[in-house]
Structure formats: structure tokens, C-alpha cells
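Heads up: the structure comes next, in C-alpha cells.
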Amino acid sequence: MLSEDFNKNAQAEARKLRSLNLRVSYSDESSVKLNKALHYVVDKIGFKPMQDFTFVKESEEMRLYDSTGNTLILNLEKHETGVNRDTIIFYTDDCLRDYHKYIVSGVKFISRPEYTEAGLQVCFRDQENNRYILLEERSYTEHS
């Protein structure tokens, strides 16, 4: 049986405010669909912002708050011209963890996680057939 102190600690931990960071990379070509992409992914990660939000071109950061005071920070950056021009990249620190979380939340993946020059990645589409990449960046260079 769990101790009373354990339950108090667990409840206190659950009440702590959390901040979640989501790094997103896009191009000028993909910026027109970025607003829909952000809404789609924010919904799929289970974050419920208190108010609606809209991507503003040239924004570098958006902060969203839920009713419990938690924060979702969207770090937005343009990627180089010619690199994945029509694709929006969502970065993660653990591709496999997020891949399984997104499957549970109903995301339809069009590939399985695979190793690429950029790192471990997997591709998915939203309900409008827009293509996205979930990428865990990795460096494969040898250090001497």
C-alpha cells in the first residue's frame, strides 16, 4: 500500500505548472499551411489552449496557455530555401516516444521511423493530406 506522503507528493507533482517547448521549422512555401499544422499538432499532443491562436509570418515564438496555467512555447524558424520546401518539420528529443504518443492520439503515419542524415525521422499527414516530419536530430560524425 502507498504511504500518505507518497500520495501528497504525487498530488503536488501533478499540480506543478509545466512548460512544453515545440521547435518547428518551415519554409516560405510551407508557411501558408503552418497555421493548420500548428493547430493539428497542438491538438494531437493534447494541449488545450485557452484561446485561439494564429501564426503570424516572421514570428519566432508563440506562447500558448491552458486553463491550468501550463505553457506551450512554439519556437518557429525558417529552414533554408530548397530544403524540404513544402514540408513542416516538428523537432523532438525522442522520435520513438513521440511516434507512439501520436499513434495513440490518431495521427496517421506514412512511414516508419528511419535513420537519415539528419537523424531519426518519421513522416505523417494531417486530415487535409499535408505532409510533416517528426525529427530527432542526431550527429553521426566521429570525434577523435
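Here, each number is a calculation from the coordinates, and none is a lab measurement. Computed from a predicted model, the values in this text were never measured in an experiment. Ideal geometry is used to build each Cβ from the backbone, glycine not excepted, and the neighbour counts take in all protein chains shown.
Here are the numbers for the structure shown:
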{"quantity": "From phi via Karplus (6.51, -1.76, 1.60), per-residue ³J(HN,Hα) for segment 122-134 in Hz, x at Gly/Pro", "calculated": "8, 9, 9, 10, 8, 5, 9, 6, 6, 9, 10, 10, 9"}
{"quantity": "Virtual spin-label span in nm between Asp86 and Arg63, 7 Å along Cα→Cβ", "calculated": "3.7"}
{"quantity": "Largest-first principal axis extents of the Cα set of segment 18-137 (Å)", "calculated": "38, 31, 26"}
{"quantity": "Filtered GluC sites (Glu not before Pro), segment 31-71: DSSP coil and at most 16 other beta carbons within 10 Å", "calculated": "Glu58, Glu60"}
{"quantity": "Point-to-point label distance, His79-Leu20, nm (Cα→Cβ direction, 7 Å offset)", "calculated": "2.2"}
{"quantity": "Descending semi-axes in whole angstrom, ellipsoid equivalent of segment 37-94, from the Cα gyration tensor", "calculated": "23, 13, 10"}
